[in-house]
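Worksheet: the structure to be examined is printed underneath.
Since every read-out is calculated from the coordinates, none of them should be taken as a lab result. These numbers were taken from a predicted model, which means no experiment stands behind them. Reconstructed Cβ throughout: ideal geometry from the backbone, glycine too, with neighbour counts over all protein chains shown.
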Amino acid sequence: MFSNAIKEISRFTRPILFVSRLNSDKLIPGSATLFFINEEGYALTCKHVVTNIINVANASNKAIFKFNGCYKTIHDIKIIMHPKYDLAIIKFNGDTPLYDSYAYFKKDNSINPGKFLVRSGFAFPEFNNYKIDIKTDKLLFTNEGNQNTPLFSNEGMVSRLVGNENKIIGIELSTPGIKGTSGGPLYDENGVIYGVQSLSKQYHLGFDIIDESTLINGEYKQVSNYPFIALGECVSLEIIKEFLKENNIKYYEK
């Protein structure tokens, strides 16, 4: 149902790769997501993602980041953060774009609970092309090892719409957004964009089991369980289009 849409989305959805250094010199990889919205080098992601980029850029030898598969050479970027919601624009100034398509947003902003949609992003990072340079004590990306991490997609039903100030600001899904997919597109079976993956929330279900004796594999054991449900939330089309119009940025609709 979504295979063609995922293939299309992969043409303009790209990872942001992070590496953090612990005091023990252990290196921890991480990732986030952006997607291009036009041919002029404009991309969308989350505000908390670009805040992390800024923090990493100021972190000296403690962390590094890299835009993967965006431009062959990146001269600089411009960041515009939404003043209120978890949304940001990145404008790339570079040579030779490495994306060959861009997003199309749903023409009208309507959406109803019950519709199935998909989010794509770069969860579960697999890249390992990084190291500490012994001479300079700096973190470096290298040309050795795995330089990529695969696109991960997961579907969900629209469970609720999140409203504020007489407009829809968020779309809640029945499944969680996975760490690393923040900033990725939310789309339908035709690859048309409905939102931007932002966060996951956990709601307590109220069915706690506290220090009970339970039969497990033929033996009674003392267990405790505090069940929660994790639901994903995406920034809505209404917020996205308003933000792009305010900044005079071209986008496309279907």
Which one of Glu233, Glu219, Glu165 has the biggest mean-square fluctuation once the chain is modelled by GNM with Cα springs under 10 Å? Glu219
Hey, which of these cross-link pairs are over 20 Å Cα-Cα: Lys7/Lys250; Lys78/Lys245; Lys7/Lys47; Lys47/Lys179? Lys7/Lys250; Lys7/Lys47
GNM on the chain, C-alpha springs below 10 Å: top fluctuator among Tyr85, Tyr220, Tyr99? Tyr220
Using a 10 angstrom cutoff on alpha carbons, build the Gaussian network for the chain and name the most mobile of Asn190, Asn93, Asn23. Asn23
For the chain, what does -39500 (n - 2.57) per DSSP helix run (n ≥ 4), summed and divided by total residues, give at 222 nm, in deg cm²/dmol to the nearest 500? -3000 deg cm²/dmol
Using unit Cβ charges (K, R positive; D, E negative) and no other charged atoms, how large, in debye to the nearest 20, is the dipole of the range 3-253 about its Cα centre? 580 debye
If packing is taken as the average number of other Cβ atoms within 10 Å across a peptide's residues, how do 37-45, 118-126 rank, most packed first? 118-126, 37-45
Bounding extents of the range 3-253 in its principal axis frame from Cα atoms, largest first in Å, are 64, 55, 35
So how long is each side of the range 133-220 along the principal axes, counting just the alpha-carbon atoms, biggest first, in Å? 57, 50, 28
Between the range 71-103 and the range 199-241, the Cα center-to-center distance that results, in Å: 36 Å
Choose one of Gly121, Leu231, Gly94: the residue whose Cα lies farthest towards the positive end of the charge dipole of the chain (beta-carbon charges +1 Lys, Arg; -1 Asp, Glu; about the Cα centre). Gly94
